[in-house]
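> Pasting a structure below so you can have a look.
The values are calculated or read from the model by the stated rules, or taken from the named source; none is laboratory data. As the structure is a computational prediction, the values presented were derived from the model and not from experiment. Here the Cβ positions follow ideal geometry from the backbone for every residue, glycine too, while neighbour counts run over all protein chains shown.
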Amino acid sequence: MALGRFMGVGLGLRRPHLEAVLARPDHGVPFWETCPENVIGDGGRPHRDACAILDRDPVLTHGLAISVGGFDPWDGDYLRDLGRFLVRTGTPWHSEHLCFTSVDGNSLHELLPLPFTREAVRHTVARARDLQAHLPVPLLLENITYYAELGRAEMDEAAFITEVLEGADVGWLLDVNNVYVNALNFGFDPKAWLARMPLDRVAQLHIAGHKRFGALTVDTHGAEVIDPVIELMQWTLARLGRPVPVLLERDNHIPDLEDLLAERSRLQAAYDEVLAVPIGGGRG
Amino acid sequence: MAEPLALQRALAALVLDPEGEAFEGDPAAFARSHGLPEADAQSFQQFSGGLAAYRELARLSLLDPIETMFPITRALLEREGAWGSCVEAFLQARCVASRHYRDIAPAFLGWLAETGWGQATWPFLLELAHAEILEVLVARFPEADPPPGLHPDPGPRDRLVLDVATQVVSYRHAVHRVSEAAPVPEVRPTHLLAYRDAEGRAQLMDLTPAAAALLTRAQTESLAEATAALGLTDLPATLSLLRELRDRGALAGFLAAS
């Protein structure tokens, strides 16, 4: 797998843009990220467009609802379909969130926080290892935005994530906006937090916009990325000392494709600036 | 400290169950009522604002596709002051099992069908909800290979094969004629053909009762038998209609009836 085509700043492939993206192969986006849950088992025109793009362009895959830290058994049929999908797309890895999304067979369609306890580490490590055994590509886990600790914590978030990543021996999809939002909500220094983390496991970054609601800042994916988060992305890339793909997420208040391409170009410039030499797909 | 599963169940209850509404009044009591030990109860107290945000965020995620897909059903029930109790009952029933976000709205329809919620008061409610989602279900129906041996031109000894996405539906009410401003349908038997055109977009066609019956019967009987049974005397005209439906994409084609 040549990872060079996954360098630079990519975009999440979203339904309102499918026709436009399919119609212009010169979009300049080095890679797309797609959510398998939104493609597998779907049908119709948008589905055909999505598949055509995924067959044409470089793609990373990012799952939303497999509930890595949950207790519901895996859906064997879905894992089989997912494996086929990952092979078809040629993704070098598949990422999932370090959270739970379902309880007792009920899907909550929200990224819910795991308890920061030794028992939760043990359980999640076992689940992640088992999930990895079912996948044809390496698994990455992503740090989430969380708004509350779930029960009395035995460790902090940084220690919890580190123990799970190390214990499961999986890569890290580091969402710098989530770090930034958590730092705002819980009052810590995001750079000091990152400095504690196993950055050698980082294979990809996520970046997105957020919004403040009263006392709480929420990871909305519904606004442009603000400068402090871009600066944190640059700081992280410099700290890594190596290029990794960065993915701009936008899931709400989705702008026209042209506007999103312009934001991607702005982020690509920031990416190139910190890495000194332009890498990957250039500017859209 | 509680086992992780107990904590996850407590958070799910906070999100889905009616008592979650009163969570912020006494978060520790809520935790204790779900069997969590005192240390976790105190944590629920400490992080009550963030935990309450999960109730709001998860409910937004679950209800947004329902409000988007069933705007007329919502308008009707809001007008009657019943939308809130409807979605509360739906969430409490915990029937969203699928990980696919697109399945939330069909789960709501399935819940209406299984429970009969509201249908003593609004006998057309299930038909209305079904009609609202019909085109989306057709538009997104997964592709599948047609059966082998199909031919494009119908003959009297053939039976018809619907396209995999096509649905022939019959309602007791004219639910496809309502709007958010006028959400109550008139009582009028209604037959619809919902299909996906060559561009992959859903189309809706009014059918006569005879045409609806033909499209249903002729899937298992020959066209000659079906038209005779239905008293349709102009077989060439019927074949011409079916040819047109095949050209539009509603029918996959025709097979010799066994």
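> Please state which of the following conditions B:ARG99 fails to meet, knowing it meets all the rest: (1) within 14 Å of chain A (Cβ to nearest Cβ); (2) touching a helix residue (DSSP H, G or I) at 6+ places or on another chain (Cβ under 8 Å); (3) modelled with pLDDT of 95 or more.
(3)
> Is it the case, given these coordinates, that B:LEU7 is within 33 Å of the chain's Cα centre (by Cα), of a type in the set (A, V, I, L, M, F, W, C) and within 12 Å of chain A (Cβ to nearest Cβ)?
yes
Let's see how each residue does on (1) on the phi > 0 side of the Ramachandran plot; (2) assigned by TED's automatic domain parsing to the domain that holds B:LEU16:
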position	(1), (2)
B:LEU91	no, yes
B:ARG94	yes, yes
B:THR115	no, yes
B:PRO123	no, yes
B:GLU132	no, yes
B:ALA144	no, no
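> Limited to the stretch A:164-190, what total is found for residues that are assigned to a helix (DSSP H, G or I) and more than 14 Å from every other protein chain (Cβ to nearest Cβ)?
So the answer is 11.
> Could you tell me which residue of the stretch A:46-70 is farthest from A:SER102 (Cα to Cα), considering only residues that are at the interface with chain B (Cβ under 9 Å from one of its Cβ atoms) and touching a strand residue (DSSP E or B) at 6+ places or on another chain (Cβ under 8 Å)?
A:GLY63
> I've got another one for you. Condition first: within 20 Å of A:TYR146 (Cα to Cα), surrounded by 19 or more Cβ atoms within 10 Å (Cβ to Cβ) and within 14 Å of chain B (Cβ to nearest Cβ). Can you find one or more residues in the stretch A:225-240 that meet it?
Within the stretch A:225-240 (the criterion being within 20 Å of A:TYR146 (Cα to Cα), surrounded by 19 or more Cβ atoms within 10 Å (Cβ to Cβ) and within 14 Å of chain B (Cβ to nearest Cβ)), the answer is no, since none of the residues qualifies.
> Which residue pairs have Cβ atoms closer than 7 Å, lie 6 or more positions apart in sequence or on different chains, and pair a first residue in the stretch B:10-39 that is on the phi < 0 side of the Ramachandran plot with a second residue that is of a type in the set (Asp, Glu) and surrounded by 16 or more Cβ atoms within 10 Å (Cβ to Cβ)?
Listed by first residue and then by second, the contacts come to B:ALA31/B:ASP40.
> Okay, next question. Identify the residue in the stretch A:87-138 that is under 18 Å from A:MET155 (Cα atoms) and assigned to a loop (DSSP other than H, G, I, E, B) and, among all such residues, is farthest from the other protein chains (Cβ to nearest Cβ).
Here the residue is A:LEU98.
> In the stretch A:31-45, which residues are β-branched (Val, Ile, Thr), within 11 Å of another protein chain (Cβ to nearest Cβ) and crowded, with 19+ Cβ neighbours inside 10 Å? First the steps, then the outcome.
Of the residues in the stretch A:31-45, the ones β-branched (Val, Ile, Thr) are A:34, A:39-40.
Keeping just the survivors that are within 11 Å of another protein chain (Cβ to nearest Cβ) gives A:39-40.
Scanning the stretch A:31-45 gives a single hit, A:VAL39.
> Moving on. From the list A:LEU3, A:LEU18, A:LEU11, A:LEU79, which residue is crowded, with 18+ Cβ neighbours inside 10 Å and over 14 Å from the mean Cα position of the chain (by Cα)?
Result: A:LEU18 is the single residue among A:LEU3, A:LEU18, A:LEU11, A:LEU79 that is crowded, with 18+ Cβ neighbours inside 10 Å and over 14 Å from the mean Cα position of the chain (by Cα).
> Take A:ARG48 and tell me if it is modelled with pLDDT under 95, among the basic types (Lys, Arg) and out of contact with any Phe, Trp or Tyr (no Cβ under 8 Å at 6 or more places or on another chain).
Numbers: modelled with pLDDT under 95: yes; among the basic types (Lys, Arg): yes; out of contact with any Phe, Trp or Tyr (no Cβ under 8 Å at 6 or more places or on another chain): yes.
Criteria met by A:ARG48.
> Quick one: would you say A:ALA148 is over 17 Å from the mean Cα position of the chain (by Cα), away from chain B (no Cβ under 14 Å) and not in a strand (DSSP E or B)? Steps first, answer last, please.
Details: over 17 Å from the mean Cα position of the chain (by Cα): yes; away from chain B (no Cβ under 14 Å): no; not in a strand (DSSP E or B): yes.
Considered against the rule, which asks whether it is over 17 Å from the mean Cα position of the chain (by Cα), away from chain B (no Cβ under 14 Å) and not in a strand (DSSP E or B), A:ALA148 comes out as no.
> Can I ask one more? For the stretch B:5-60, enumerate the residues that are farther than 15 Å from A:ASN106 by Cα and touching a strand residue (DSSP E or B) at 6+ places or on another chain (Cβ under 6 Å).
Once the filter is applied, which keeps residues that are farther than 15 Å from A:ASN106 by Cα and touching a strand residue (DSSP E or B) at 6+ places or on another chain (Cβ under 6 Å), the stretch B:5-60 yields B:ALA53, B:LEU57.
A quick yes/no check of all residues on (1) part of a helix (DSSP H, G or I); (2) crowded, with 18+ Cβ neighbours inside 10 Å:
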| position | (1), (2) |
| --- | --- |
| B:LEU192 | no, yes |
| B:GLY200 | no, yes |
| B:ALA213 | yes, yes |
| B:ALA224 | yes, no |
| B:ALA252 | no, yes |
